[in-house]
Amino acid sequence: MAKYCNKLVIIDATPYQDGIEDGYICHTLEGQFIGYFYKNDSLPKSIHTPAIRNSEGWFYIESTDYIITKANGERYPCRYHIFHMNYELLDKERSDEVENNERM
């Protein structure tokens, strides 16, 4: 049986912080789903959970999530423990090298 390994994938990511969400997933105090609302929309009186919208739909964001931006510009939340299992921070030299290659 042949052996395989993951290809090196370099991503842009940032820890979640208030303000980078696209909107909110809203629920009543009893937990009943109300709907998805963009952050500039008028929000109902409800529990608001930050969320990101992309071509696959809405994804809620936890306060410890990382937000990954793919090459096509779409953003996805990634849980803290999954992020740190799969990614490591590039040092400045390697990061500069990647940026230079992307410009070519």
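Beyond 21 Å, how much of the Cα-Cα pair distribution for the chain remains, as a whole percent? Please report the intermediate quantities before stating the final value.
Details: 2578 of 5356 pairs.
Taking all Cα-Cα pairs of the chain, the fraction more than 21 Å apart is 48 percent.
When we measure straight from the Cα of Lys39, which aspartates and glutamates land under 19 angstrom away, once same-chain ones fewer than 8 places off are left out?
Correct list for Lys39: Asp18, Glu21, Asp22, Glu56, Glu62, Asp65, Glu74.
With θ set to phi - 60° and the Karplus curve 6.51 cos²θ - 1.76 cosθ + 1.60, what are the ³J(HN,Hα) couplings of segment 75-92 in order, to the nearest whole Hz, using x for Gly and Pro?
Running phi through 6.51 cos²θ - 1.76 cosθ + 1.60 with θ = phi - 60° gives 10, 9, x, 9, 4, 3, 5, 5, 4, 6, 6, 10, 10, 10, 5, 6, 6, 4 Hz.
Using the Cβ atoms and a cut-off under 14 Å, what net charge is assigned to the surroundings of Glu62, where Lys and Arg are +1 and Asp and Glu are -1?
-2
Shape call for segment 15-75 from the C-alpha gyration tensor, a ≥ b ≥ c root eigenvalues: rounded (a/c under 1.5), prolate (a/b greater than b/c) or oblate?
In terms of gyration-tensor shape, prolate.
Read-outs: derived from the displayed coordinates by stated rules, not from any lab. The structure displayed is predicted, hence computed values, not measured ones. With ideal geometry, Cβ positions are generated from the backbone for all residues, glycine too; neighbour counts draw on all protein chains shown.
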